[in-house]
1. For a test of the definition: using alpha carbon positions, the gyration tensor, and the 1.5 limit on a/c, classify the stretch 31-97 as rounded, prolate or oblate.
2. What full-extension length gain, to one decimal in nm, is calculated for residue 97 and residue 48 as 0.36 nm per residue of separation minus the Cα-Cα distance?
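We did not get these values from a lab; they are worked out from the coordinates using the rules stated. From a predicted model like this one, the values you see are computed outputs, not experimental measurements.
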């Protein structure tokens, strides 16, 4: 009976630690685009968008085409991970390309 109890405790401890070990190995490879508030306002006023995600994707697409001289990146290939708005009127958009 003691062996079964010890075995169950060991299995329970290993089961609890396994997700933590797996979570530490996951790394998200994201890139950052910094956009001025003026660009956001110009884009939002020039076109009609259904969601904020679409606006952010369009901003990333525009910056990629101007900075890296990529002809075009489809909006479907851009995934927005996060965004932050700083006090100096700059929007940081964290994205991934698929």
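1. Values: a/c = 1.36, a/b = 1.18, b/c = 1.15.
Note, shape of the stretch 31-97 comes out rounded.
2. Working: separation 49, 0.36 × 49 = 17.64 nm, distance 2.39 nm.
15.3 nm is the gain from fully extending residue 97 to residue 48.
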